[in-house]
Amino acid sequence: MNNTIRVRTDWWLLSAALALVSFGLVMVYSASAVSAEVYYGKASWEFAARQLAAAVAGLALMLWLKVSDFRRLRRGPAVILPWCVVLVLLLVAAAADSRAHRWIRVPGLGQLQPSEFAKPVIVLYLAWFVAWRGKDINSRYSIIPTVAVVGLTTLVIGFGDLGTAMVLLAPALVVYSVAGIHRRHFLVALFCAVLVMAGFIAQKPYRMLRITSFLGLTEEKIASDPSLRWLAVRMASSGAARDSDYQARQSRIAIGSGGLTGVGLGQSNQKLGFLPEAHTDFIFGVIGEETGLLGCLALLGAYLVIFVRGWRAWFLTEDTFGRYLALGAATVVVTQALGNMLVALNAVPTKGIPLPLVSYGGSAMVGTLITLGLLMSVADRVPEP
């Protein structure tokens with residue numbers, strides 16, 4: 001293959017990313033201005049300013065990756081070293097954060113969430129390894145290393161952050177499925193993933209509370225059924241609020257209150273103490289209330305652009321490594337976005353999954369922009385069809 005590739009900016013992809021970042025900054029300020037003053041004793045613009053700083057840093061990394069040739073990353077050390085660094089940070093977070101096992105406090109920078117950086121690292125690993133193994137993808141020498149890398153990363157993250165662990169599995173399943181893994185291997189991997197997730201749910205009672213609340217099993221129903229006594233005992237050990245679907249219900253009320261065009265930016269009522277985590281995991285509820293159905297559809301359209309341009313890069317890129325890199329990057333971003341929206345609509349059990357480029361969170365912002373930078377590096381070098 002010719003080593004010279006003509007670079008053309010994928011303006012659809014770049015515009016979607018910039019639009020999401022800009023819209024996210026506006027919504028973070030709208031959703032956090034009141035709570036920053038009332039609940040945190042900070043200035044109304046505090047959270048928005050922090051998000052802006054993270055966005056600037058993330059955009060710089062995204063643009064650097066965008067102009068860099070993705071083929072330079074097609075080397076073992078360029079893939080394994082970042083994974084080792086992230087794994088060490090994950091272990092440090094698990095030990096340092098005795099409560100949530102997610103955060104590392106960095107003086108002057110706030111909190112760092114290493115699991116957000118695991119997403120681009122896993123995408124990079126999958127693309128490199130699957131392209132390297134090629135037709136031997138069904139060999140045990142291909143499956144075992146991937147199970148070890150993805151499995152170990154997921155286990156460390158899932159101990160404290162089940163939502164991110166589930167998101168990490170999506171690109172692995174999609175990439176290996178497209179690469180031609182045998183159906184038997186795929187089903188075994190899927191079964192093991194479900195089994196591990198079930199174990200993580202049983203590990204912490206508050207996760208079980210979220211599942212039972214979503215299924216309509218109240219504490220009264222569980223206590224009155226002798227066959228569920230073990231479940232009642234297990235959940236009684238949780239210090240979590242018993243009304244585990246409260247956030248999802250309030251989010252759905254917010255979205256329903258927005259109607260077609262919304263009540264207007266800054267005019268949400270649910271963010272005034274009714275909807276917890278209004279500027280983080282449940283910001284979609286505020287978006288639905290303030291911008292209405294049209295705003296939600298526009299937001300969904302931006303993620304759809306990322307999905308379509310990612311698959312376009314997959315179909316047209318000649319380099320195998322680049323194809324899987326684009327596929328994995330698009331999958332992880334869109335899967336996370338859909339997961340957040342479904343939680344906000346109370347269509348799936350409550351889980352802490354940020355809305356990419358929109359929810360407040362510096363680590364999430366930078367990690368997502370790095371992922372999109374990898375995708376743009378491939379998309380900008382797609383040959384003309």
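Looking only at the stretch 75-106, which residues are assigned to a helix (DSSP H, G or I) and in contact with a Leu (Cβ under 9 Å, 6 or more places away or on another chain)? Explain how you work it out, then say what you get.
Initially, the stretch 75-106 is screened for residues assigned to a helix (DSSP H, G or I), giving 76-96.
Answer for the stretch 75-106, where residues must be assigned to a helix (DSSP H, G or I) and in contact with a Leu (Cβ under 9 Å, 6 or more places away or on another chain): Ala78, Val79, Pro82, Trp83, Leu87, Leu89, Ala93.
As a summary of the residue check, Val130 satisfies the conditions (1) surrounded by 20 or more Cβ atoms within 10 Å (Cβ to Cβ); (2) farther than 26 Å from Phe47 by Cα; (3) under 21 Å from the mean Cα position of the chain (by Cα); (4) at pLDDT below 95 except for the one numbered (3).
Looking only at residues in the stretch 34-68 that are of a type outside the set (A, V, I, L, M, F, W, C) and crowded, with 17+ Cβ neighbours inside 10 Å, the one that is farthest from Ser363 (Cα to Cα) is Ser35. Restricting the first member to the stretch 158-186 and to residues that are touching a residue at least 12 places away in the same chain (Cβ under 8 Å) and aliphatic (A, V, I, L, M), and the second to residues that are buried (at least 17 other Cβ atoms within 10 Å of the Cβ) and outside any helix (DSSP H, G or I), the beta-carbon pairs closer than 7 Å and six or more apart or on different chains are Leu162/Lys351; Val167/Ile353.
Annotation note: of Val332, Val286, Val366, Val343, the sole residue that is among the aliphatic types (A, V, I, L, M) and either surrounded by fewer than 23 Cβ atoms within 10 Å (Cβ to Cβ) or touching a Gly at 6+ places or on another chain (Cβ under 6 Å) (or both) is Val366.
Considering only the stretch 341-354, I want to know if a residue exists there that is in a helix (DSSP H, G or I) and charged (D, E, K, R). Even if it seems obvious, please write down each step before you answer.
If we filter the stretch 341-354 for residues that are in a helix (DSSP H, G or I), which is where we start, we get 341-344.
From what's left, charged (D, E, K, R): none.
No: the stretch 341-354 contains no residue that is in a helix (DSSP H, G or I) and charged (D, E, K, R).
Looking at Ser139, Ser98, can you tell me which residue is out of contact with any strand residue (DSSP E or B) (no Cβ under 9 Å at 6 or more places or on another chain), closer than 30 Å to Arg183 by Cα, loosely packed, with under 13 Cβ neighbours inside 10 Å and not charged (D, E, K, R)? Among Ser139, Ser98, only Ser139 is out of contact with any strand residue (DSSP E or B) (no Cβ under 9 Å at 6 or more places or on another chain), closer than 30 Å to Arg183 by Cα, loosely packed, with under 13 Cβ neighbours inside 10 Å and not charged (D, E, K, R).
Could you please find all residues in the stretch 69-81 being surrounded by 18 or more Cβ atoms within 10 Å (Cβ to Cβ) and not aliphatic (A, V, I, L, M)?
Of all residues in the stretch 69-81, those surrounded by 18 or more Cβ atoms within 10 Å (Cβ to Cβ) come to 70, 73-74, 79.
Hits for the stretch 69-81 are Phe70, Arg74.
Here Ala364, Ala337, Ala313, Ala344 are screened, and the one residue that is closer than 21 Å to Val67 by Cβ and not aromatic (Phe, Trp, Tyr) is Ala313.
The values are calculated or read from the model by the stated rules, or taken from the named source; none is laboratory data. All values reported here derive from a predicted model rather than from experimental measurement. Reconstructed Cβ throughout: ideal geometry from the backbone, glycine too, with neighbour counts over all protein chains shown.
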